[in-house]
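To start, the structure itself, in structure tokens.
The values are calculated or read from the model by the stated rules, or taken from the named source; none is laboratory data. A quick note: this is a predicted structure, and the numbers were derived from the prediction, not measured. Note that each Cβ is placed from the backbone with ideal geometry, even for glycine, and that neighbours are counted across all protein chains shown.
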Amino acid sequence: MMKQQLSRRIAAATKREKANLVIKRAHIIDVFTLTTYEADVAVTDGVIVGVGAYEGIEEVDVNGAYIAPTFIDGHVHIESAMVPPEEFAKVVVPRGVTTIFADPHEIANVGGLEAVTYMIEAAKDLPLDVKIMVPSSVPATDFEHNGAELTSYDIEKLFDEYGAYGLAEVMDYPAVFSAEKKMMSKLTAAMERGKLIDGHAAGLDETGLNAYRVAGIRNDHEAVTAEEALARLRRGMFVLMREGTAAKDIEALLPILTPENARRCVFSTDDKHLDDLVKEGSIDASIRKAIKLGVNPLQAIQMATLNAAECFGLQDKGAIAPGYEASFVLIRDLDKLKIEAVYIKGERVAENGKMTVGIRDALLPPAALLNSVHLAPITTESLRLKMESAKAHVICVTPGSIVTEHLVEEVDLVEGLFTPSIKNNQLKLVVAERHRELGYVGVGIVKGIPIKEGAIVATVAHDSHNIVACGTDDKSIKNAIEHVAATKGGIAVVRGDEVLAELPLPLAGLMSLQPYEQVNVALEKIEDALKDIGFQEKWNPFLTLSFLALPVIPSLKLTDSGLFNVESFQHISVEIIDEK
């Protein structure tokens, strides 16, 4: 069959036979030379067989529209969009994103091997090419309680039996630095099979980056300053410039971009909520932002296509040239980057923001993933934060970043208990274990989520995905936690006894089973409810909330076992007792 295909493609390339499809009068975006030129693009068997002057069995005259390769997302957690792969494809493909490197780390922390195999199967036979990277750190740390573990044996099975593409972001840097046995088994399992290994080098110094490169890690999406990005480039790493919902790093990283180093820079979304994907887009939004900030449009497109393909070893994607996959977008205005049409392997699959082909029915998830919330009873006592001193360690959030600041502040106490202060923007933060009814409840103080009353809650809490809630009073917090537990997962806005708005997430407590349009409507209602409790900001507090439980991102976080200092990698007390 391959010989016949090759003969057919060569016949079309040499014009002895007509190509299956010819895009006529296109302005080709040449990602190799960062120039454009007018030519026809000939396609046979889903592959570009020629650029020049061609005749086709089917011809589409685009009258001077730009034609660019489709876009690649270098690192994304599908679960953060709160829909399964089938619905995720419907959102991103019309925006020109047709290949993603997906890390199912979130659902793996809930359901382990069964959850990852579900995501692999759910990602098959879609117009979106989903390259599954095997989660490397499940659990993420030993300082909290998650729902499952992925062993090196599981990782080998996912490579050998399920065809996983590589090893996903290696977050447990202490295990790498100490050459811990389990981590070495995971890294060597990938190396021995020639698999790629993704990085997660949040806050690492130069010595740490050296160790990561020695460990076979070749890319990283955790650079948040230009200096950090440059340090990675100097060590031969690809820098994945992240632009998601909570973490928006492109503007901070672009100052390091030069014609000499741009080929080592790629885009990724990491975590992006569905409403932001619908409003802004995915990697197309990253390209538009880069252009707005002064990057040459052709170079921005190169970063989203050829650079990403080469970073991840995709030899047949990322360019409009003979021998490359015929997956491309048609664009009229480069600066606005409005996608007119999307083709995958020579077939038009989307036009003007809408799919033009059907997507198969969603795969039914395993029963265990639909019943994943097992919460021990929440008591009034478990939510109290007893303090002898009014001086406390406070988590401070910054919009647009998942890195928190470690503050020391005076807080309000009533009868030896911390009391939230609207005036000082000091609210109570709670993380409750929800996987095995273990009863662990961590209580801390957060600054920077300005709600005036009630509470917000989610069963999405990276990476262990316990229940996280933030609020102004214990009654609202308790009711919020109990509500999402009763609905088998979700996010909600609660005021006292009243649930103002919610989005049920019955799939692992992370994803909805509804069409993405309905999910988006629910998110709009949640946005209105946030205003009702006094949140007037333009950023999304739920994704910010979900990262407050992630003890591998600096500086101060809260787990179900208590307040965690990421710098010292240990739990600490909330209160500060001055020594006399």
Which of the numbered conditions does A175 fail, given that it passes all the others? Conditions: (1) part of a helix (DSSP H, G or I); (2) over 16 Å from F312 (Cβ atoms); (3) modelled with pLDDT of 95 or more. (3)
Hey, any hits in segment 498-507 for a residue that's touching a Pro at 6+ places or on another chain (Cβ under 8 Å), part of a strand (DSSP E or B) and either at pLDDT below 95 or among the charged types (D, E, K, R) (or both)? no
Are any of the residues in segment 290-299 within 18 Å of the chain's Cα centre (by Cα) and under 25 Å from V403 (Cβ atoms)? no
So is E106 within 25 Å of E180 (Cβ to Cβ), modelled with pLDDT under 95 and crowded, with 24+ Cβ neighbours inside 10 Å or not? no
Going through segment 474-497 one residue at a time, which ones are crowded, with 18+ Cβ neighbours inside 10 Å and either part of a strand (DSSP E or B) or among the acidic types (D, E) (or both)? D474, G490, I491, A492, V493, V494, R495
For segment 313-322, check the following and say yes or no: at least one residue is assigned by TED's automatic domain parsing to the domain that holds F267, part of a loop (DSSP other than H, G, I, E, B) and within 20 Å of A65 (Cβ to Cβ). no
Yes or no: E517 among the charged types (D, E, K, R), closer than 30 Å to E410 by Cβ and surrounded by fewer than 23 Cβ atoms within 10 Å (Cβ to Cβ)? no
Can you go through V93, V116 and tell me which one is free of Cβ contacts under 8 Å to residues at least 60 places away in the same chain and either touching a Pro at 6+ places or on another chain (Cβ under 7 Å) or assigned to a strand (DSSP E or B) (or both)? V116
Looking at A164, A168, A190, A123, can you tell me which residue is farther than 30 Å from K90 by Cβ, in contact (Cβ under 8 Å) with a residue 12 or more places away in the chain and in contact with a strand residue (DSSP E or B) (Cβ under 6 Å, 6 or more places away or on another chain)? A190
Restricting segment 558-580 to residues that are in contact with a helix residue (DSSP H, G or I) (Cβ under 7 Å, 6 or more places away or on another chain) and either assigned to a loop (DSSP other than H, G, I, E, B) or of a type outside the set (S, T, Y) (or both), the residue that is nearest to L407 (Cα to Cα): L558
Does at least one position in segment 29-37 carry a residue that is surrounded by 15 or more Cβ atoms within 10 Å (Cβ to Cβ), part of a strand (DSSP E or B) and of a type in the set (D, E, K, R)? yes
